[in-house]
Structure formats: structure tokens, C-alpha cells
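Here the structure is laid out as C-alpha cells; the discussion comes afterwards.
The values are calculated or read from the model by the stated rules, or taken from the named source; none is laboratory data. The structure displayed is predicted, hence computed values, not measured ones. Please note: Cβ atoms are built from the backbone with ideal geometry, for glycine as well, and neighbour counts cover all protein chains shown.
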Amino acid sequence: MAKLNPYLNFDGTAEAAFNFYKSVFGGEFRGGVMRMGDAPGCENLSADEKSRVMHIALPIGTDMLMASDIVPSMGHKLTVGNNNYVSIFPESREEADRLFNGLSAGGTIEMPMQDQFWGDYFGSFTDKYGVGWMINYSAQSH
């Protein structure tokens, strides 16, 4: 069975928001804070955009609240509706492809399923109803 986790987008305030959430829920960030400046191909971002959060995750019980900041110079714009994703963690690459292909039919693919530099198999899209989805298979967790 796949696991679902909420994924939030922010416009430069992801770290502040998650420090606030951590103050309420407790716990520690899983994997620390990944910054945009740590990603390949982001060397030419401004200092502000390099310091933005690429990924942050806070365990809450058996669930995970996750987020990132948008990058305006890459054409990202935060609007109500794209500040939430449903992030699915399937149990196999095959299940990841099945979920991605099924849910993205008639929608808009943001990032096709592919192996990522952080080691996972990942893709994202908005479905035909405007709901944002992320599919992330991690071989390390299986």
C-alpha cells in the first residue's frame, strides 16, 4: 500500500514555517534542510534563491509533513492552489509508474518520472482536476 504525505510550497518562508511547525509538533527535521543552492544546475541563482528550501520534512507521528520554496527566476509563482501537493510513496518503481501514468492522464506533467540526483525515482504533475501530485519511490526505504 502506498503512503500519502502532504507537501506544501512557500515563497521563501518554508524554513520559518517549518521551524514554527516544529515548535508546535516537536521532533527534528528528517535529513536536515536541503537548499536550492545545493542542487546541480542552480549555481547561477541569486543568493536569496540559493538559500531557499529545496526540501524539508518534519515527522509527525507516523506521517511526514514536507515542503519547499518556489524559485521565481525559474518561472515559479505561488498562487492559491499550487501550495499543496499530495505526495505518494509507492512500494516499487512499477507502482510509481502506474500511479503517475494513471493520475497524470489529461493533466499537466511538471517533471516526468526519472531517477533524481538525491537517489529516488520521482515525478510531479497537476491532474486534470487541478490537484498537484508527487510520486516518489525510494529504493532505500524498501
It is to be established whether one or more residues within segment 120-127 are outside the structural domain of MET64 (by the TED database), among the small types (Gly, Ala, Ser) and more than 13 Å from the chain's Cα centre (by Cα). no
Would you mind stating whether ASP120 is farther than 21 Å from MET64 by Cβ and either surrounded by 12 or more Cβ atoms within 10 Å (Cβ to Cβ) or of a type in the set (Lys, Arg) (or both)? no
Every listed condition ((1) surrounded by 13 or more Cβ atoms within 10 Å (Cβ to Cβ); (2) of a type outside the set (A, V, I, L, M, F, W, C); (3) outside any strand (DSSP E or B); (4) touching a residue at least 24 places away in the same chain (Cβ under 8 Å)) holds for GLY37 save (4)
Mind checking whether some residue in segment 34-44 is under 16 Å from the mean Cα position of the chain (by Cα) and farther than 23 Å from SER138 by Cα? no
Considering only segment 124-142, how many residues are touching a helix residue (DSSP H, G or I) at 6+ places or on another chain (Cβ under 7 Å) and hydrophobic (A, V, I, L, M, F, W, C)? 3
Taking segment 93-134 and keeping residues acidic (Asp, Glu), assigned to a strand (DSSP E or B) and touching a residue at least 12 places away in the same chain (Cβ under 8 Å) leaves GLU110
